Amino acid sequence: MKRLAVALAALTLGVAVVTTPAVVSAWGNTGHRLIGVAAVRGLPDELPAFLRTPGAAAEVGELSREPDRSKGGGQPHDRERDTAHFVDMLDDGRIMVAQGPSIDALPRLKSEYDAALIAAGSDVDDAGYLPYAIMDGYQQLVRDFASWRVLYAAEARERDPGKRAWYREDRIRREALILRDMGYLGHYVGDGSQPHHTTIHYNGWNRDTPNPQGFTTSRQTHGAFEGAFTSRVARLDTVEAAMAAPALDGFDLRARVPAYLRATLTQVTPFYVLEKAGGFTESDARGGAFATARLAAGASELRDLFILAWRDSADDAIGWPAVKVNEVEAGTADPWLAMYGED
């Protein structure tokens, strides 16, 4: 993978790595924490009370870093996970090359996506799986919420002490899993708000493409922006103040994710224009405003996906044999066999 090759090359630079530690990690620790915390703090009262606490916000913020911290496990672990942090698009939304698949017409499955990339002459490891990582993370969270709804409702109604105790224990387990999966989704949504994670110009302007505006080609560009610079300028209060109002109407996951990534792609050239103008120096406020806006975009999208996943879970069915969430919540279905099992 080109991105991993860049990271490994950076490791040979010694002290330079100290100043640009995030070559392969969108936002570094500070940015991912801020996105996760701001998103959870922005949740409305319709979501469960266990999520609307300072502890839950802090937990999701920490767990938002986990996909970066788990890197280096070997194969096949790394191939499936390291490629999930980015998608390298051209300016028109085509992935990698002009013949590549469009972000607006992604195949249903990753295997079909791989086949389309290969047919276009691209290396599947170079292209990135970010849109699929976000969609997968969202769908997992819907399942988590559906299970929690069933467990919570059943616990409240169950009269058998043994069954009620098991529902409570499993609900507590599910709450821990929900926070973990919110963190994982938060990481990939956060990656999607960092312009370098949506473009072939992911670490300095691509040297194999025209560069008429003379943008930097430095291999330190990516890490310097999302690591030390963002850590210095980003604050939770300014990120929260810059967050957009919830956008929840007309939700379609397979349309929403590409639209989100396309919006970030439009910020690639503005980033390089600003970098060329010295906007990311310590004395220039424009760089801080740019970083804050991108972090706020990630936090806003993540908050919305959390809310939408909760709403989607109300119409789900869970367990085996499957039980409908809304029927359990209405008290018209007994979920014991679906949740505990009968074997």
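With the whole protein complex present, residue 308 retains an accessible surface near 10 Å², based on a 1.4 Å probe.
With each label modelled as a point 7 angstrom along the Cα→C-beta vector, the residue 118-residue 66 pair spans 3.2 nm. Between residue 89 and 96, 199, 200, the built amide H atoms are under 5 Å apart, and every one of these is 5 or more places off in sequence or on another chain.
Counting only alpha carbon atoms, the long axis of helix 130-157 and the longest principal axis of the chain meet at about 20°.
Per-residue ellipticity at 222 nm computed for the chain from its helices equals -17500 deg cm²/dmol, with DSSP H segments shorter than 4 residues left out and the rest contributing -39,500 (n - 2.57).
In this structure the amide hydrogen of residue 323, modeled in the peptide plane, comes within under 5 Å of the amide hydrogens of 318, none closer than 5 places in sequence on its chain.
If one takes the longest principal axis of the Cα atoms in the chain, at what angle in degrees, from 0 to 90 and to the nearest 10, does the Cα axis of helix 54-63 lie? Long axis of 54-63 versus the principal axis of the chain: about 50 degrees.
Normalised by the number of residues in the stretch 123-259, the average gap of Cα pairs under 8 Å and 6 or more apart makes the relative contact order 23 percent. Annotation: extensible slack from residue 326 through residue 77 equals 86.0 nm (criterion: 0.36 nm per residue apart, minus Cα-Cα distance). Computed on the stretch 27-146, with alpha-carbon pairs under 8 angstrom and 6+ residues apart, the relative contact order is 19 percent. Considering all different alpha carbon pairs of the stretch 259-343, the Kirkwood hydrodynamic radius works out to 16.8 Å. Rounded to 0.05, the FRET efficiency of the residue 58 and residue 91 pair, given R0 = 41 Å and the Cβ-Cβ distance, is 0.60.
By a 1.4 Å probe calculation restricted to protein chains, residue 276 has an accessible surface near 120 Å², given to the nearest 10.
Measuring r between the beta carbons of residue 337 and residue 253 and using R0 = 30 Å, the FRET efficiency lands at 0.50. Under the criterion of Cα pairs below 8 Å and six or more residues apart, the relative contact order for the chain equals 25 percent. Between residue 213 and residue 180, take the C-beta separation as r, use R0 = 51 Å, and let me know the FRET efficiency to the nearest 0.05. The calculated FRET efficiency here is 0.75.
In loop segments of the stretch 184-252 as defined by DSSP, the trypsin sites (Lys or Arg not before Pro) with at most 10 further C-beta atoms inside 10 Å of their C-beta are 207.
Note on residue 315 and residue 172: their simple-model spin labels are 3.5 nm apart, each label 7 Å out from Cα toward Cβ. Axis of helix 253-265 versus longest Cα principal axis of the chain: the two differ by about 30°, to the nearest ten degrees. Rounded to the nearest angstrom and listed largest first, the equivalent-ellipsoid semi-axes of the chain from its Cα gyration tensor are 39, 22, 18. Approximating the spin labels as points 7 Å out from Cα along Cα→Cβ, the residue 262-to-residue 282 distance works out to 4.2 nm.
Rolling a 1.4 Å probe over the protein heavy atoms of the chain, with every protein chain left in place, gives an accessible area that is 53 percent carbon and sulfur. Evaluating 6.51 cos²θ - 1.76 cosθ + 1.60 at θ = phi - 60° for every residue in the stretch 89-99, the Karplus couplings come out as 10, 6, 4, 8, x, 6, 8, 6, 9, 4, 8 Hz, glycine and proline recorded as x. Classify the stretch 166-277 as rounded, prolate or oblate from the Cα gyration tensor: take a ≥ b ≥ c as the square roots of its eigenvalues, call it rounded if a/c is under 1.5, otherwise prolate when a/b beats b/c and oblate if not. In terms of gyration-tensor shape, prolate.
The values are calculated or read from the model by the stated rules, or taken from the named source; none is laboratory data. Nothing here was measured: the structure is a model prediction, and the numbers come from that model. Positions of Cβ are backbone-derived with ideal geometry, glycine not excepted, and every protein chain shown enters the neighbour counts. Side chains are part of the model used for accessible areas, which takes the heavy atoms of the whole protein and leaves out ligands, DNA and RNA. Shrake-Rupley method; radii C 1.70, N 1.55, O 1.52, S 1.80 Å.
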